[in-house]
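To start, the structure itself, in structure tokens.
Derivation of every value follows stated rules applied to the coordinates shown; laboratory data play no part. Everything numeric in this text was worked out from a predicted model, so none of it was measured. Because the Cβ atoms are built from the backbone with ideal geometry, glycine has one as well, and the counts that use them run over all protein chains shown.
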Amino acid sequence: MKVPSVYIAEELMPYLRARVSKILYSKGFTQAQIATWLGTTQAMVSKYLSGGVKAPPREVGRLLDVLAEEIARLVEDGARKEEIILFTTRRLISLFRERDICEHYSRYARVSTELCSQFFATTPEKDVLSELGIALRELLALEGFGGLIPEVRSNFAYALPEAKTPSDVASVPGRITLVKGRPFALPPEFGASKFTAGLLLEVMKRRPAIRSVVNIRYGDDVEKALEKAGFKVVRVRTGGMEEADAVKALAAPFEKEVYDAVIDEGGEGVEPLVYIFGGTPFEVLRKVEKLIEVLRGDES
């Protein structure tokens with residue numbers, strides 16, 4: 001009887017571990033360090049690195065490659081093992097909603113694809129809160145992020161795949177602020193931010209794959225760092241606009257192009273800000289991290 005746990009252990013995890021091992025090894029991690037993170041032996045890591053693992057079908061491999069990159073990034077960022085385990089579990093469960101995964105599992109276990117889709121009762125809402133919560137903790141821990149929080153404070157948002165209203169967007173209640181010089185935020189909630197949620201919804205109307213955003217301060221140093229980091233940036237001016245019009249103006253550039261960041265030049269009574277976008281909060285996190293690295297390099 002080949003239940004999903006057997007399928008994951010036999011078919012998915014060996015390839016996923018091998019991909020994570022290769023990524024971390026290329027980043028300078030030793031085999032012993034990789035073994036510790038993966039909870040396995042150094043000899044097994046050596047096997048992973050030598051290519052002695054069966055590859056899954058191409059479409060499944062592509063999904064696992066993306067997951068491996070995200071896991072490796074969490075390891076690099078110093079995430080706790082508990083967070084990485086939770087993230088990986090959530091992602092593997094979500095893969096069972098993918099048609100390619102279910103078709104492969106149905107052939108492996110000789111069951112119907114309809115049965116596959118019924119296995120896990122997790123909801124998209126739980127997944128969004130879990131992923132945003134993990135990314136938020138990593139964002140707050142980034143050395144230098146506190147210096148990017150604007151006077152109006154920052155927010156970090158992540159929308160459901162088919163988000164239609166602000167209640168479909170999770171964000172930080174009360175925004176991200178500084179407490180005794182350190183970034184602080186409450187756990188994400190749905191419907192916690194009208195403006196940030198509205199902006200993300202407007203962007204999603206034009207680019208449904210863009211589901212996450214964070215706002216940071218603007219400055220000449222930040223603009224130069226965005227350019228140096230290779231980000232695709234567009235400038236907008238919302239000073240004097242009503243909130244609804246400002247949201248639409250910030251989202252309008254996405255009609256023709258996909259941007260990593262939008263600079264709002266602000267205006268009278270409106271603080272200039274930078275909005276950094278991505279498909280997931282982890283993609284946004286990586287962009288902020290890269291920006292901080294460039295800023296730190298310019299200072300040294």
Sorted by Cβ density within 10 Å, fewest first, the residues Arg237, Arg62: Arg62, Arg237
Relative contact order (%) - criterion: Cα under 8 Å, at least six apart; region: the chain: 13
Cα gyration tensor, segment 125-299 - rounded (a/c under 1.5), prolate or oblate: rounded
Trypsin sites (Lys or Arg not before Pro) within segment 1-31, DSSP loop, no more than 12 other Cβ atoms inside 10 Å: Lys27
The chain: DSSP helices with Cα axial extent of at least 18 Å and average Kyte-Doolittle hydropathy no lower than -1.0: 13-26, 58-76, 81-95, 124-141, 194-206, 281-299
Calculated P(r) tail over 12 Å for segment 108-152, as whole % of Cα pairs: 74
GluC sites (Glu not before Pro), loop per DSSP, at most 15 other Cβ atoms within 10 Å - longest free stretch of the chain: 1-97
Viscosity 1.567 mPa s, temperature 4 °C, Stokes-Einstein D of segment 4-122 from Kirkwood C-alpha radius, µm²/s: 87
Lysines with Cα under 19 Å of Lys2, excluding same-chain neighbours fewer than 8 positions away: Lys54
Separation in nanometres of the label points that stand 7 Å from Cα toward Cβ, at Glu125 and Glu223: 4.3
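Pairs of alpha-carbon atoms within less than 8 angstrom and 6+ residues apart define the contacts here; what relative contact order does segment 46-129 have, in percent?
Values: 31 pairs, mean separation 18.4, N = 84.
Relative contact order of segment 46-129: 22 percent.
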Distance between segment 2-25 and segment 108-155 - C-alpha centres, whole angstrom: 21
Cα-based Lys proximity count in segment 164-278, under 19 Å, for pairs eight or more positions apart or on separate chains: 10
Glu255 paired with Arg237, simple spin-label distance in nm, labels 7 Å along Cα-to-beta-carbon: 1.9
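Determine the equivalent ellipsoid of the chain by diagonalising the alpha-carbon gyration tensor, then write out the semi-axes as square roots of 5 times the eigenvalues, largest first, rounded to whole Å.
36, 23, 16
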Separation in nanometres of the label points that stand 7 Å from Cα toward Cβ, at Ser5 and Ile85: 1.4
